[in-house]
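Remarks on the structure that follows.
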Amino acid sequence: MKTVTVNIVTPDGPVYDSEVSMVIAKTTSGEIGVLAGHIPTVAPLAIGAVKLKKADGSTELAAVSGGFIEVRPDKISILAPSAEVASTIDLARAKAALARAEERVQKQKDNIDFKRAELSLKRALNRINVHQGNI
Amino acid sequence: MVNLREIKGRINSTKSTKQITKAMQMVSSSKLRRAEQNAKSYVPYMEKIQEVVGAIASGTKDSGHPMLTSRPVKKTAYLVIGSDRGLAGAYNSSILREVQSTINQRHKSKDEYVILAVGRVVRDYFVKRDHNVIADVVALPDQPTFADIKEIARNAVGMFIDGTYDELHMYYNHFVSAIANEVTAKKVLPLTDIAPAAGTASYEFEPSGEAILEVLLPQYAESLIYGALLDGKASEHSARMTAMKNATDNANDRISELSLQYNRARQAAITQEITEIVGGAAALE
C-alpha cells in the first residue's frame with residue numbers, strides 16, 4: 001500500500017514524524033480519512049484523537065488539542081498548540097487536570113470562564129482516552 | 001601609609017564577588033544554549049504556519065476577516081517583552097528607552113495607548129510611571145513552553161478582536177549572536193503584511209476558507225508572539241552572560257591592581273621597619 005509522510009508539529013517542537021498509509025483526524029466539520037495522494041486540503045481540527053494507520057496494519061494514536069491539518073499529495077502536516085503521541089502522555093497529569101477542570105465547570109455554570117474550563121475538560125478527557133486507546 | 005589590612009579586605013571581597021559573577025556567567029551560558037535550542041525547535045512550526053497562512057490569505061483576497069483589516073487607530077497597544085530580573089546589562093533599559101521614546105513621539109495623552117507587559121522589570125517600569133498596563137505576565141520560566149504564554153497571547157489577540165485597541169505592536173530584543181542583540185519593533189495586528197507563499201499548491205478548504213482563517217489567524221498571531229518571546233529569552237541569557245563576563249573581567253583587573261597596591265604597601269612597611277631599626281642601632285653607638 002502507498003504510504004505518506006506525516007508530521008505532527010507543535011510550538012514546543014515536532015512530536016511525530018513517520019510514514020503511514022492512512023490518517024484519520026477529527027475536524028470541526030466531522031471526521032476525515034486521508035490516504036496517500038490526496039488533493040491539497042486544509043481543515044481546522046477539533047480536540048480529539050488522530051489515528052495513524054501504518055503500512056503493516058498497526059495503528060498509532062495521538063491526542064491533539066485543536067490546530068489544523070494540511071494535506072498534500074506526498075505529505076501531511078498537523079499543526080497544533082499541543083499534541084502528544086499516546087505513549088508519551090502523562091496519565092497522572094491528565095487525570096489531575098481532568099479533576100481540576102470538572103470542579104471548575106461545576107462551579108462556574110454561567111461564568112465566561114465556563115467555556116475555557118469546558119475546553120480544558122475536553123483536552124484532559126481526550127488525553128486519557130487516547131492513552132487508554134478507547135477511541 | 002595605606003592600611004594593609006584594609007587592602008586585604010578589599011581583595012577578598014572582590015574575589016567573592018568574582019566568584020558569584022563567574023557562576024552566573026556559566027549558568028547563563030548553559031541557559032543560552034537551551035534557549036537557542038528551543039528557538040530552533042520552534043522554527044518548523046513557524047515556517048509551516050506561515051506557509052499555510054500565506055497560501056490561504058493569497059487564495060482568498062478581501063476575506064474581510066477582522067484580523068486582516070486595518071481600521072482607524074484610536075488606541076494602540078504595545079506588547080513589551082523584557083525580563084524578570086536585572087543584572088543583564090542594557091537588556092531591559094534599551095528596550096524600555098525605545099518604547100518610551102516611541103510613545104512620546106506618537107501619543108499626546110495616556111488614553112491613546114495601553115501596555116501589555118511581559119517581565120517584572122517592564123511591568124514595574126510602566127506601572128511606576130502611571131501608564132495604562134492592562135495585562136502582564138511575570139515569573140516566566142527560563143525555558144518557557146507554549147502553555148506559559150498562551151494566556152497573554154490569547155488575551156492580546158482577543159482584545160484586538162473585541163476592539164479594546166486597534167493596533168498591536170510588539171517590542172523585544174532580537175537575538176543576533178551570543179554577544180549582540182537588537183531592539184526590534186514589530187506590528188503584529190492587524191496582519192497586513194502576510195507574504196503570499198510562492199509556488200504552493202492551491203488548497204481545498206474544508207469547510208471553507210473563511211472558517212479556516214477563523215481558526216488559523218489567532219493561532220498565527222499567538223505563534224508570532226511566542227516566537228518573539230523565545231527570541232527575547234535567548235537574548236536575555238546572552239545579555240546576562242555578556243554582562244557577567246564583563247563583571248568578572250573587571251573584578252580580575254581590580255584584584256591585580258589591589259594586589260600591586262598591597263605588595264607596595266607591605267614593601268614600604270618593611271623598608272620603614274628596617275630604617276627604624278638601623279636608626280635605633282646608630283643612636284645607641
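The values are calculated or read from the model by the stated rules, or taken from the named source; none is laboratory data. Note that the coordinates shown come from a computational prediction; the quantities given were computed from them, not determined experimentally. Here Cβ is always computed from backbone atoms with ideal geometry, including for glycine, and neighbour counts include all displayed protein chains. Side chains are part of the model used for accessible areas, which takes the heavy atoms of the whole protein and leaves out ligands, DNA and RNA. Shrake-Rupley method; radii C 1.70, N 1.55, O 1.52, S 1.80 Å.
Tabulated values for the structure
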{"quantity": "Protein-protein interface of segment A:55-69, residues with accessible area decrease of at least 40 Å², isolated chain reference, 1.4 Å probe", "calculated": "A:Phe68"}
{"quantity": "Inter-chain Cβ neighbour average for residues B:46-54, partner chain, 10 Å", "calculated": "3"}
{"quantity": "Partners for B:Lys15 among lysines (Cα-Cα distance below 19 Å; same-chain residues under 8 apart left out)", "calculated": "B:Lys245"}
{"quantity": "Computed FRET value (nearest 0.05) for B:Glu6 with B:Ala281, which takes r as the C-beta separation and R₀ as 22 Å", "calculated": "0.10"}
{"quantity": "Cα centroid separation, segment A:10-76 to segment B:73-133 (Å)", "calculated": "42 Å"}
{"quantity": "Gain in span if fully extended, B:Lys22 to B:Val127, counting 0.36 nm per residue against the direct Cα distance", "calculated": "34.5 nm"}
{"quantity": "Expected 222 nm ellipticity per residue - DSSP helices of 4 or more, -39500 (n - 2.57), all of chain A, to 500", "calculated": "-9500 deg cm²/dmol"}
{"quantity": "Reachable aspartates and glutamates from B:Lys22, criterion Cα separation under 18 angstrom, eight or more residues apart if same chain", "calculated": "B:Glu236, B:Asp249, B:Asp253"}
{"quantity": "Accessible area of chain A belonging to carbon and sulfur atoms, whole % at 1.4 Å probe", "calculated": "51 percent"}
{"quantity": "Cα long-axis angle, helix A:113-132 against chain A (0 to 90 degrees, to the nearest 10)", "calculated": "50 degrees"}
{"quantity": "Neighbour cut-off at most 16 other Cβ (10 Å), DSSP loop, trypsin sites (Lys or Arg not before Pro), segment B:34-111", "calculated": "B:Lys61, B:Lys74, B:Lys75, B:Arg85, B:Lys108"}
{"quantity": "For a label point 7 Å along the Cα-to-beta-carbon line of A:Leu35, residues of segment A:1-22 with backbone N under 15 Å", "calculated": "A:1-4, A:20-22"}
{"quantity": "Most fluctuating residue given options A:Gly67, A:Gly48, A:Gly37, as computed from a GNM of chain A linking Cα atoms under 10 Å", "calculated": "A:Gly37"}
{"quantity": "Total accessible surface hidden between B and A, rounded to 100 Å², 1.4 Å probe", "calculated": "2100 Å²"}
{"quantity": "Heavy-atom accessible area per residue - segment B:22-243, 1.4 Å, Å²", "calculated": "45 Å²"}
{"quantity": "Separation of the A:Phe114 and B:Asn263 label points, Cα + 7 Å toward Cβ, nm", "calculated": "8.0 nm"}
{"quantity": "Set of lysines near B:Lys48 by C-alpha distance (under 16 Å), chain-local residues within fewer than 8 positions excluded", "calculated": "A:Lys75, B:Lys40"}
{"quantity": "Inter-chain Cβ neighbour average for residues A:24-31, partner chain, 10 Å", "calculated": "2"}
{"quantity": "Violating pairs (Cα-Cα greater than 19 angstrom) within the set B:Lys74/B:Lys150; B:Lys128/B:Lys233; A:Lys95/A:Lys122; B:Lys31/B:Lys186; A:Lys115/B:Lys150", "calculated": "B:Lys74/B:Lys150; B:Lys128/B:Lys233; B:Lys31/B:Lys186"}
{"quantity": "Shape category assigned to segment B:22-243 from the gyration tensor of Cα positions, a/c cut at 1.5", "calculated": "oblate"}
{"quantity": "Mean ellipticity per residue at 222 nm, deg cm²/dmol - from DSSP H runs of n ≥ 4 across chain B, formula -39500 (n - 2.57)", "calculated": "-22000 deg cm²/dmol"}
